[in-house]
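Any read-out appearing in this document is the output of simple, stated calculations on the displayed coordinates, not a laboratory observation. Since we're looking at a predicted model, the values are computed, not measured. Here the Cβ positions follow ideal geometry from the backbone for every residue, glycine too, while neighbour counts run over all protein chains shown.
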Amino acid sequence: MMFKRRSTFVLCIPLLLLSGALVYPQEASQSIPKMTGRYHFLGPQDTLAILQEEDLLKGYIDVYPGENESDVILSYPITIGSRHGNQVEFRTRKIHEKYYRFQGKVERGTGSKPGDPDYLQLIGELQIITENSVTGERKVQKQQVILKSLGKNEGPPQ
């Protein structure tokens, strides 16, 4: 009788460990319920703002002018955006023959709680598409990016 209990106990331990391993990846993928917030973008003052409503993403990218450009901040609205699990995609409206497209994932960053800098990160491929309306030429610049969330009281550097 003692042998039967011991063998049942020994069989249960691997099953418990295995079931815990199967549950953990599901919990990890659901650990980011909303990704609404502001994120650092390409330049030191540029920002990406995202509002998540269900699986749809809305928002904009504010791009500050370079030294030899006008003083106008260009605000590219997100026209198409979605999130499925941790997979994220969006595209902006075209302004001055240029628009942005992102495809990647949202992950936890180094911040310890919501509102901390780098609490969330968008990791993936950013495409900057420039179209020449006269020649019809289209140029696609691709780069791998990590866009870190801004902290609650953090804004772009002045």
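Of all residues in segment 49-93, which are part of a loop (DSSP other than H, G, I, E, B) and within 19 Å of G124 (Cα to Cα)?
D55, G85, N86
For segment 107-158, name all the residues that are among the acidic types (D, E), without any contact (Cβ under 8 Å) to a residue 24 or more places away in the chain and under 24 Å from Q87 (Cβ atoms).
Matches in segment 107-158: E125 only.
Residues that are more than 23 Å from P33 (Cα to Cα), exposed (fewer than 11 other Cβ atoms within 10 Å of the Cβ) and basic (K, R): does segment 92-108 have at least one?
no
Pick out the one residue from K58, K113, K148, K152 that is in contact with a His (Cβ under 6 Å, 6 or more places away or on another chain) and under 24 Å from S31 (Cβ atoms).
K148 is the lone residue from the list that is in contact with a His (Cβ under 6 Å, 6 or more places away or on another chain) and under 24 Å from S31 (Cβ atoms).
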